[in-house]
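The values are calculated or read from the model by the stated rules, or taken from the named source; none is laboratory data. What you are looking at is a predicted structure, and each value in this text was computed from that prediction instead of being measured. Every residue, glycine among them, receives a Cβ derived from its backbone with ideal geometry; neighbour counts consider all protein chains shown. The accessibility values were calculated without ligands, DNA or RNA, using every heavy atom of the protein model including side chains. Shrake-Rupley method; radii C 1.70, N 1.55, O 1.52, S 1.80 Å.
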Amino acid sequence: MWGSYGNGNGQFLNPMGVSVARSGNVYVADTLNHRVQYFTANGSFLGKWGSDGSGDREFRFPYDVAVAPDGNVYVADSSNHRISYFTSNGSFLGKWGTKGRRECEFEYPSGIVVAGWVYVADTGNHRVQRLDLKGSFDRAWGTLGSANGQFIYPFGIVVAANGNVFVADGYNHRVQYFTGAGRFVGKFGAFGRGAGEFNCAYGVAVSPTVRRVYVTDAKNNRIQYFRRSDPAVSPTSLGRVKALFR
C-alpha cells in the first residue's frame, strides 16, 4: 500500500484510474490533483506530470489512464472532454476531442483502455467510441437507454484477452459485453443489494483467462466477481454468468 491525502509526491486526492505498463510501472490518474503520477511496482515514486488547466500537459479531472503496449500513456481528461497521450515519462505527444456528440467528440469521458485500438467510455454521451492510436475515429456504439447495447452513464471499460469489450454500465446497474467491433454479446446485473446486483457498476476488470469478471459496485461499497460457466453466453441469458461469493 502507498499514498496518503495531499498533493505531494506519492500523495493523492481522489485517485480514480490506474494502469500497469509492461515494464511493471504503475500509472495513476490522480483526479483532484489534476495530474498523473507513476511508480515502480512496489510503490516507489518515479515521476508525475499535469496541473489544473486546458494546456497540452494540463488536465481537468483526469478520470482514467491506460498504457499502450509501446509504453505510451493515454489519459481520459474528463472535464476537458478529450483524450491526451504522452510518452512513458510524460512528454506530450498529442490530444484529440472537444465537447460534443459527433465523431471524436466527448462529454466527460471517464474510462479508457488501449488494446490495438483506443476504446473510450464516453460517459455523458452514453456510448463507447473506438479510435486508432492517433485518434482517428473508427466507430461508436450505444445511446441513452436500457435496451441491449444502450447505456446510462458507462464508466469503466476493459478489453479481455479474447477481444471482448466489457463496459460497466453505471446507472443501468449492470455490465454489458461486446465484440471488439461493438456487437452485443451479453449482460449481467440489475439494481439491488443482493448477489449479482449493483448500485452503480463503476469499474470492471477481467482475468487473463477471461474466466472471472471483477466489478466495483460503487454505492454498495463492495467488489463482486463472477464466473462465466458457458463461453457462449446468449444475448438474452443472464443465468449463465454466475456470481461467486465467499
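Quick notes
- Of the criteria (1) surrounded by fewer than 18 Cβ atoms within 10 Å (Cβ to Cβ); (2) touching a strand residue (DSSP E or B) at 6+ places or on another chain (Cβ under 8 Å); (3) closer than 24 Å to K134 by Cα; (4) of a type in the set (G, A, S), which one A76 fails: (1)
- Check on T209, modelled with pLDDT under 95, β-branched (V, I, T), more than 20 Å from A147 (Cα to Cα) and out of contact with any strand residue (DSSP E or B) (no Cβ under 6 Å at 6 or more places or on another chain): yes
- N148 vs. criteria assigned to a loop (DSSP other than H, G, I, E, B), open to solvent by 40 Å² or more (accessible area, probe 1.4 Å), of a type outside the set (A, V, I, L, M, F, W, C) and touching a Phe, Trp or Tyr at 6+ places or on another chain (Cβ under 6 Å): yes
- One residue from G55, G10 being part of a loop (DSSP other than H, G, I, E, B), open to solvent by 10 Å² or more (accessible area, probe 1.4 Å), touching a residue at least 24 places away in the same chain (Cβ under 8 Å) and of a type in the set (G, A, S): G10
- Taking the criterion of being touching an Asp or Glu at 6+ places or on another chain (Cβ under 7 Å) and either outside any strand (DSSP E or B) or aliphatic (A, V, I, L, M) (or both), the residues of the stretch 124-139 that qualify are G124, N125, V128, L131, D132.
- Conditions (1) surrounded by fewer than 17 Cβ atoms within 10 Å (Cβ to Cβ); (2) of a type in the set (D, E, K, R); (3) part of a strand (DSSP E or B): number failed by D64: (1)
- Residue satisfying all of: in the stretch 31-52; more than 18 Å from A66 (Cβ to Cβ) and in a helix (DSSP H, G or I); least open to solvent (accessible area, probe 1.4 Å) among these: N33
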